[in-house]
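The values are calculated or read from the model by the stated rules, or taken from the named source; none is laboratory data. As the structure is a computational prediction, the values presented were derived from the model and not from experiment. Don't worry about glycine lacking a Cβ; one is built from the backbone with ideal geometry, like all the others, and counts go over all protein chains shown. Just the protein is used for accessible areas: all its heavy atoms, side chains included, with ligands, DNA and RNA removed. Shrake-Rupley method; radii C 1.70, N 1.55, O 1.52, S 1.80 Å.
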Amino acid sequence: MKTTEQLQELYDVHKRNNLTVKPKIAICYSGQTRHINKEKQYTDDFYDILSLFSEFDYDLYGHTWSDQEDPNQEILKNFKDFQTTDQEDIWNA
């Protein structure tokens, strides 16, 4: 996995070479999605974070636990893949 500094360096080289293709990255969104559908601010925060990566061509992947609500369809459409796992899987592994 590349560090933020390494990604920035790659991007700077990319810009210096005047290439037209955006660098490709993957973004992983994981954890408890507890309030994402409750208030507009959480959806706005999600899009604010994604805007930090606007100079990249990214694929978005996500995961939450089955006791949490999946993000709404407006948010889910941004993900290449979003999975939900039952927490019992931790104890039964």
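Looking at region 45-52, can you tell me whether even one residue there is of a type in the set (Gly, Ala, Ser) and surrounded by 15 or more Cβ atoms within 10 Å (Cβ to Cβ)? No; the residues of region 45-52 include none that is of a type in the set (Gly, Ala, Ser) and surrounded by 15 or more Cβ atoms within 10 Å (Cβ to Cβ). Within the option set Tyr61, Tyr42, being closer than 25 Å to Lys22 by Cα, open to solvent by 70 Å² or more (accessible area, probe 1.4 Å) and either in contact (Cβ under 8 Å) with a residue 40 or more places away in the chain or among the hydroxyl-bearing types (Ser, Thr, Tyr) (or both) holds for one residue only, Tyr61. For region 23-52, how many residues meet the condition of being small (Gly, Ala, Ser) and touching a helix residue (DSSP H, G or I) at 6+ places or on another chain (Cβ under 9 Å)? Within region 23-52, residues that are small (Gly, Ala, Ser) and touching a helix residue (DSSP H, G or I) at 6+ places or on another chain (Cβ under 9 Å) number 0.
Being within 12 Å of the chain's Cα centre (by Cα) and aromatic (Phe, Trp, Tyr) narrows it down to one of Tyr42, Tyr61, Tyr11, so name that one. Result of the check over Tyr42, Tyr61, Tyr11: Tyr61.
I need the full set of residues from region 69-90 which are assigned to a loop (DSSP other than H, G, I, E, B), touching a strand residue (DSSP E or B) at 6+ places or on another chain (Cβ under 7 Å) and closer than 18 Å to Tyr58 by Cβ, in order please. Correct list: Asn78, Phe79, Lys80.
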